[in-house]
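Asks: Please see the structure below; I have some questions.
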Amino acid sequence: MSLALTLRLAVRNLARALRRTLITGAAIAGGLTMMIASSNLQEGSYKAMIDAGVSEQAGHVVVEAPGFRAAADPRLAVADSAGVAAALAAVAPPGSTVLRRAMVPGLVQSPRGSSVVVLAGVEPSKEAAVTGWEQRVVAGAFLQDGDQRGILLGEPLAAQLAVGLGDKVVLMAQGDADIESRMFRVVGLVRTGADDLDAALAMSSVDAAMELVGRPGAATQVSLHLPHPDATPSAHAAAAAALAGRELSVLPWPEALPELLQFTERDRQSSVLMFSVLTVIVAMGVLNTVLMGVMERIREIGVMRALGALPGLVFQMVLWEAILLGGVASAAGYALGMLLSWPFVVYGVDYSALIGDSMEVGGVHISAVVYPIFDWVGGARFAAMTWGLTVLAAVWPARLAARARPVEAMRPV
Amino acid sequence: MLFAIAWRNLGRHARRSFITALAMAVGVALCMGSIALSDGIFQQVAHVMVDQALGHVQVHHPDWPTRKRAEDTQPGAAALVAALEGRPGVVGVTGRLVTAVLVGGPSTSAGARVLGVDPRRESAVSGLDRLVASGAPLGAAPAREVLLGAELARSIGVGVGDEVVFVGQGASGSIANDLFRVVGLVRTGSTLADRSGAWVHLGDLQAFLELPDQVHEVLILGTDAGESAALRAAVGPAVPAGRLVRTWQEASPVTARLMALQDGGAVLMLGFVFSVAALGVLNTMLMSVFERTRELGVLRAIGMSPGRVMGLVLAEALLLGGLAAGLGLVLGGAVDAYLVHVGIDFSVGEGKGLSWSGIQMDPVIRGAVRWQGVALTLGAVLGVSLLAAVWPAWRAARLRPVDAMRQV
């Protein structure tokens, strides 16, 4: 009875000052809408970064020789890479891919020039299925399985070396004792959109790259790519068990890409801080509205008290106004934020006019078209924060109302 | 008189006015802080991307931009640099020769992008001397000394005082190799340069590549990156025919667009914060007009024109905005002072900063305060206050005295 009465009073009070209620509600909902829409966009870019990092630089589970990570020395490689790959494939869930890769820093030379590259060694058809490299070929073709002489070059790198399709280049890299070199033939040119990346991009088969540094059959990295990232912990445990006894480090992706993960965490923290301050600004607006509402009704509240309403009822009544206003406005802001994200989730947000076709963030290159994701849980957290602060802002005015002494409250005209 | 009445009106509801102003002041502080932080980042990015890598104006062989080939050199380098130095508005000129080599330590080697520079002139343009993190800068004369990017040195296991072998390619296409002594390690702020950069004396590299008195690029620094077009015009007469002279914006449109984001980002941030804050002002002003309906009616009845009534409400909003600006300046000033002197620790991994667009940020990012950022914020708070009061003011001005005075 008492709750129903307070609720009715609260609703009536909100409705009586409808314009003020709507404006305050719009401030709450508007702020939340923008927070949720921009948070969705950020989460989308984090996902793009992590997807790109996981698929191109690591895998959901990564197997390396101990020490390779720190030294980036391709001679510290997984020797029996085929055996390791088979062991991983045996324990991986269906739909997974196991890739053997090489990263060999060196120098590429043509008769007309030379340039610094990190030669990426891949298993062509499997790699293309995971990373979509084929779509980036602008001339010639992607590498063929079994081709030990073919090489892909970034388009600007080929221009600098004055080579085209079918021309020969020499790769030089550090072997065990001497600098080793190997001749390759250019089979294709690629463009990722990131100029600095394209100017140092060379890709061959993993076996050719590892032969160059005197480690035939080896790979600097064997990576497991899962159809769904949620399976990472169990796949990591299974992989570690299957490879127990071998001198190898088996890492889940958060450990294989620690800087990328930290980058997204830092970025997320700073925007949460900003959103919190913004919510405080909204809450101060609410404080003002509720306070004004109490002040202009102080006479009425005095009459209520004189007729026997307890301070608790008055307190609850004012607080319920904020609970209702904040709740409805937060729900509306949540819905509007998601709705606002919708077209962008479908069509993406195109930054290419500002920054070119691709951008480097936190060590990975992602497309300049960023697709937000619906972050239902994160959005709900922002909505709850907004609602909570709205209610908190009403506590002081509610106490002020509850403490009003009937005689004094009824005195002002 | 208008402002005196407006001030009294604000004072009659001191608590309400104060809370409204404080809410906007928090908004001002938030904007000032985040703009200072972004300006700090931009300052660092501009230094690495423009001053170090591009200069303000560059002179190249016409084919250099599309191909960057070893053969696209400019002869008569010393004379060209000297002539450019004599032009008005020029702060520094540096000629660079560029090549790629395998640089070998005791047990391993790695690819390196080598820049041949005149140490004194290069330092005047890119501040190379100041980027030396350990060891010493290059000597003034060619002595086969090399500065290595800190990450590069670590990866090949060499330190200051060690010898390294360069294996590269001379101008004729033949293999060239030579020994250099590491005199210092460099941290530039560019991920790429730290991982694969090496700097030697221009004379040494000209000898190594068999390219006497030639350079690939000449970078010219003026006083202001924004005045690059004027600088290009000023140096034009000193450049021989058939060379390509470009401002940094022409040389790297992507960088130019990135730099243009600086103010755009600030405006976006202001729009975001103040569109929320504006609703607070709107509410306060509406309330203030409604509760004074009777009083405003009396003012109209005793002869105040609708225009002046509107002016009265707008003046009140402007004062409120001014109060918010003043409070915000204090709060925001404190935030800015903290950001400039202490900064925010964004380090990831082992003391490394964030990386973005190839720039390795400092682990602790410090803010930078530009008057434009502060002015923009204060302008926004005043503008938004006025704008939010237009509707309430319009309503107040349209009141009919008779109706207004009838209300209790």
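The values are calculated or read from the model by the stated rules, or taken from the named source; none is laboratory data. None of the values given here were measured: they were computed from a predicted structure. When we count neighbours, we look across all protein chains shown, and the Cβ atoms used for this are built from the backbone with ideal geometry, even at glycine.
Asks: What do you reckon, is residue B:147 closer than 23 Å to residue B:47 by Cα, assigned to a strand (DSSP E or B) and modelled with pLDDT of 90 or more?
Replies: yes
Asks: Additional query: If residue A:82 satisfies every condition in (1) among the small types (Gly, Ala, Ser); (2) surrounded by fewer than 21 Cβ atoms within 10 Å (Cβ to Cβ); (3) in contact with a Pro (Cβ under 7 Å, 6 or more places away or on another chain) but one, which is the exception?
Replies: Every listed condition holds for residue A:82 apart from (3).
Asks: Only one of B:258, B:279, B:268, B:299 is free of Cβ contacts under 8 Å to residues at least 24 places away in the same chain and either over 30 Å from residue B:54 (Cα atoms) or buried (at least 19 other Cβ atoms within 10 Å of the Cβ) (or both). Can you tell me which?
Replies: Selected residue: B:299, the only one of B:258, B:279, B:268, B:299 that is free of Cβ contacts under 8 Å to residues at least 24 places away in the same chain and either over 30 Å from residue B:54 (Cα atoms) or buried (at least 19 other Cβ atoms within 10 Å of the Cβ) (or both).
Asks: State all residues of the stretch A:231-257 that are within 14 Å of chain B (Cβ to nearest Cβ) and touching a Phe, Trp or Tyr at 6+ places or on another chain (Cβ under 7 Å); if no residue qualifies, say none.
Replies: None; the set is empty.
Asks: Evaluate the following for residue B:103: is it touching a residue at least 24 places away in the same chain (Cβ under 8 Å), more than 14 Å from every other protein chain (Cβ to nearest Cβ) and buried (at least 22 other Cβ atoms within 10 Å of the Cβ)?
Replies: Criteria not met by residue B:103.
Asks: Something else about it: So residue B:5 fits all but one of (1) away from chain A (no Cβ under 14 Å); (2) surrounded by 22 or more Cβ atoms within 10 Å (Cβ to Cβ); (3) not polar (S, T, N, Q); (4) not in a loop (DSSP other than H, G, I, E, B); what number is the exception?
Replies: (2)
Asks: Of all the residues that make up the stretch A:145-197, how many are aliphatic (A, V, I, L, M), touching an Asp or Glu at 6+ places or on another chain (Cβ under 9 Å) and surrounded by fewer than 17 Cβ atoms within 10 Å (Cβ to Cβ)?
Replies: 1
Asks: With respect to residue A:110, is the statement that it is under 19 Å from residue A:197 (Cβ atoms) and within 14 Å of chain B (Cβ to nearest Cβ) true?
Replies: Taking the combined requirement at face value, the residue does not satisfy it.
Asks: In the stretch B:235-255, how many are away from every other protein chain (no Cβ under 14 Å) and either crowded, with 20+ Cβ neighbours inside 10 Å or touching a residue at least 12 places away in the same chain (Cβ under 8 Å) (or both)?
Replies: Count: 13.
Asks: Inside the stretch A:34-47, can you point out the residues that are within 30 Å of residue A:291 (Cα to Cα) and surrounded by fewer than 23 Cβ atoms within 10 Å (Cβ to Cβ)?
Replies: Result: A:34, single match.
Asks: Let me ask you something else. Hey, could you check the stretch A:54-71 for residues that are within 14 Å of another protein chain (Cβ to nearest Cβ) and crowded, with 18+ Cβ neighbours inside 10 Å and say which is nearest to the chain's Cα centre (by Cα)?
Replies: Selected residue: A:57.
Asks: If I go through the stretch B:190-209 residue by residue, how many of them are away from every other protein chain (no Cβ under 14 Å) and of a type outside the set (A, V, I, L, M)?
Replies: 5
Asks: Still on this structure, please answer the following. Where residues in the stretch A:291-312 are away from every other protein chain (no Cβ under 14 Å) and touching a helix residue (DSSP H, G or I) at 6+ places or on another chain (Cβ under 6 Å), which of them is nearest to residue B:281 (Cα to Cα)?
Replies: A:301
Asks: So which of B:127, B:135, B:116, B:92 is touching a residue at least 60 places away in the same chain (Cβ under 8 Å) and surrounded by fewer than 20 Cβ atoms within 10 Å (Cβ to Cβ)?
Replies: Result: B:127 is the single residue among B:127, B:135, B:116, B:92 that is touching a residue at least 60 places away in the same chain (Cβ under 8 Å) and surrounded by fewer than 20 Cβ atoms within 10 Å (Cβ to Cβ).
Asks: Okay, moving on. What's the number of the only condition in (1) of a type in the set (A, V, I, L, M, F, W, C); (2) in a helix (DSSP H, G or I); (3) assigned by TED's automatic domain parsing to the domain that holds residue A:242 that residue A:27 fails to meet?
Replies: Only one criterion in (1) of a type in the set (A, V, I, L, M, F, W, C); (2) in a helix (DSSP H, G or I); (3) assigned by TED's automatic domain parsing to the domain that holds residue A:242 is unmet by residue A:27, namely (3).
Asks: Out of the stretch A:258-290, which residues are over 19 Å from residue B:31 (Cα atoms) and within 7 Å of chain B (Cβ to nearest Cβ)?
Replies: Correct list: A:258, A:259, A:262, A:263, A:266, A:287, A:288, A:289.
Asks: If you don't mind, another one. Given B:232, B:300, which one is in contact with a Ser or Thr (Cβ under 7 Å, 6 or more places away or on another chain) and away from chain A (no Cβ under 14 Å)?
Replies: B:232
Asks: Related question: Could you list, in sequence order, all residues of the stretch A:128-143 that are at pLDDT 90 or above and of a type outside the set (A, V, I, L, M, F, W, C)?
Replies: Answer for the stretch A:128-143, where residues must be at pLDDT 90 or above and of a type outside the set (A, V, I, L, M, F, W, C): just A:140.
Asks: Out of all the residues in the stretch A:74-92, is one or more within 14 Å of another protein chain (Cβ to nearest Cβ), part of a loop (DSSP other than H, G, I, E, B), over 19 Å from residue B:198 (Cα atoms) and small (Gly, Ala, Ser)?
Replies: Yes, the conditions are met somewhere in the stretch A:74-92.
Asks: May I pose another question? Here are some conditions: (1) among the aliphatic types (A, V, I, L, M); (2) within 14 Å of another protein chain (Cβ to nearest Cβ); (3) in contact with a helix residue (DSSP H, G or I) (Cβ under 8 Å, 6 or more places away or on another chain). Residue A:177 meets all but one. Which one does it not meet?
Replies: (3) is the only condition that residue A:177 fails.
Asks: In the stretch B:148-184, what count of residues is obtained for those that are among the hydrophobic types (A, V, I, L, M, F, W, C) and within 11 Å of chain A (Cβ to nearest Cβ)?
Replies: Total satisfying the criteria: 8.
Asks: Filter the stretch A:235-270 for residues that are loosely packed, with under 14 Cβ neighbours inside 10 Å and in contact (Cβ under 8 Å) with a residue 40 or more places away in the chain; which is nearest to residue A:63 (Cα to Cα)?
Replies: Among those that are loosely packed, with under 14 Cβ neighbours inside 10 Å and in contact (Cβ under 8 Å) with a residue 40 or more places away in the chain, it is A:247.
Asks: Filter the stretch B:8-26 for residues that are of a type in the set (Ser, Thr, Tyr) and at the interface with another protein chain (Cβ under 9 Å from one of its Cβ atoms) and give the result.
Replies: Correct list: B:20 only.
Asks: Does the stretch A:132-145 hold any residues that are within 27 Å of the chain's Cα centre (by Cα) and under 18 Å from residue A:219 (Cα atoms), and which are they?
Replies: none
Asks: Out of all the residues in the stretch B:221-229, is one or more touching a helix residue (DSSP H, G or I) at 6+ places or on another chain (Cβ under 7 Å), within 30 Å of residue B:380 (Cβ to Cβ) and surrounded by fewer than 23 Cβ atoms within 10 Å (Cβ to Cβ)?
Replies: The answer is yes, given that some residue of the stretch B:221-229 is touching a helix residue (DSSP H, G or I) at 6+ places or on another chain (Cβ under 7 Å), within 30 Å of residue B:380 (Cβ to Cβ) and surrounded by fewer than 23 Cβ atoms within 10 Å (Cβ to Cβ).
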